[in-house]
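Okay, structure first, notes after.
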Amino acid sequence: MRSVFLVLLFVFALATPSYGDYDSGLDAYNRGDYTTALKEWRPLAEQGEAKAQNRLGLMYDNGDGVPRDYKEAVKWYRKAAEQGNARAQNNLGTMYDIGDGVPQDYKEAVKWFRKAAEQGYASAQGNLGFMYWNGDGVPWDYKEALKWFRKAADQGDASAQYNLGFMYWNGDGVTVDFKEAVKWYHKAAEQGDAIAQNNLGEMYEKGDGVPRDHKEAAKWYRKAAGQGNENAKTNLTRLEASM
């Protein structure tokens, strides 16, 4: 009787599906233990958990613990995106925008960016704004670009903050407003955006929207140059020679 009971337990164990733990996978991924992350996330992804599907897609997208495989990344992003996962929708949109694992298709990219953007996902809002700014997959529309950049910028997205600053600096869809440009460049620069740091340096050097201040200009040029920005290196060398 005991032997029959043990056999039944063994059969039950084989029949029981393997469940992973999302948070354990995330902890492992963050410390660079991709093998454990994959072990935790794959069962969840195969059982239909959207968060895990998106993460599995990201691992294939980046080649983290698996050979880089854009088609496999697209497969998992799509499974999560179709369940309404905003991160996956944004990631899938990016694949269509770039043409990784799928033919480049701006209209399809816009479709997925919009789904995520309408859920309030800042990166997707910024990406959608960029599509309108360039007229990729949608009619060229600075006002619509401004709208989506602002939504993302208000959530702290550095790229959107830079883009919004540039639109005010350049007068794209708005009246040129150097003070507003400085405001948004400052926010992006403080988050480490090198192009915003360089442009903010130019604003201080020229006195556009702020009092002219070469020391402040040099400070921002130096930060951008330290990240390898070539324009900032040139600007810093020129400015220091004149100080």
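The values are calculated or read from the model by the stated rules, or taken from the named source; none is laboratory data. Note that the structure is a prediction, hence the values are computed from the model and not measured. Every residue, glycine as well, gets a Cβ built from its backbone with ideal geometry; the counts of neighbours run over all protein chains shown.
Residue-by-condition table, conditions (1) polar (S, T, N, Q); (2) touching a Ser or Thr at 6+ places or on another chain (Cβ under 9 Å); (3) part of a helix (DSSP H, G or I); (4) within 26 Å of Tyr96 (Cα to Cα):
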position	(1), (2), (3), (4)
Gly126	no, yes, yes, yes
Lys143	no, no, yes, yes
Ala160	no, yes, yes, yes
Gly173	no, no, no, no
Ala189	no, no, yes, no
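Checked against (1) in contact with a Phe, Trp or Tyr (Cβ under 8 Å, 6 or more places away or on another chain); (2) hydroxyl-bearing (Ser, Thr, Tyr); (3) more than 30 Å from Glu82 (Cβ to Cβ), Tyr221 passes all but condition (1). With respect to Glu72, is the statement that it is within 28 Å of Gly156 (Cα to Cα) and assigned to a helix (DSSP H, G or I) true? Against the criterion (within 28 Å of Gly156 (Cα to Cα) and assigned to a helix (DSSP H, G or I)), Glu72 does not qualify.
To keep it simple, each residue is scored yes or no on (1) surrounded by 15 or more Cβ atoms within 10 Å (Cβ to Cβ); (2) closer than 29 Å to Gly93 by Cα.
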{"site": "Asp136", "(1), (2)": "yes, yes"}
{"site": "Phe149", "(1), (2)": "yes, yes"}
{"site": "Gly165", "(1), (2)": "yes, yes"}
{"site": "Lys179", "(1), (2)": "no, no"}
{"site": "His186", "(1), (2)": "yes, yes"}
{"site": "Tyr204", "(1), (2)": "yes, no"}
{"site": "Gly207", "(1), (2)": "no, no"}
{"site": "Glu230", "(1), (2)": "no, no"}
{"site": "Glu240", "(1), (2)": "no, no"}
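Kindly provide the set of residues from segment 203-223 that are of a type in the set (A, V, I, L, M) and over 21 Å from Tyr168 (Cα atoms), ordered by number. The one that is of a type in the set (A, V, I, L, M) and over 21 Å from Tyr168 (Cα atoms): Ala218. Out of Asp27, Asp61, Asp100, one residue alone is at pLDDT 95 or above, of a type in the set (Asp, Glu), surrounded by fewer than 20 Cβ atoms within 10 Å (Cβ to Cβ) and in a helix (DSSP H, G or I). It is Asp27.
Would a scan of segment 200-212 turn up a residue that is more than 19 Å from Met167 (Cα to Cα) and out of contact with any helix residue (DSSP H, G or I) (no Cβ under 6 Å at 6 or more places or on another chain)? Checked segment 200-212: at least one residue is more than 19 Å from Met167 (Cα to Cα) and out of contact with any helix residue (DSSP H, G or I) (no Cβ under 6 Å at 6 or more places or on another chain).
Taken across segment 80-92, residues that are under 19 Å from Gly20 (Cα atoms) and either of a type in the set (Asp, Glu) or part of a helix (DSSP H, G or I) (or both) do occur, with at least one present.
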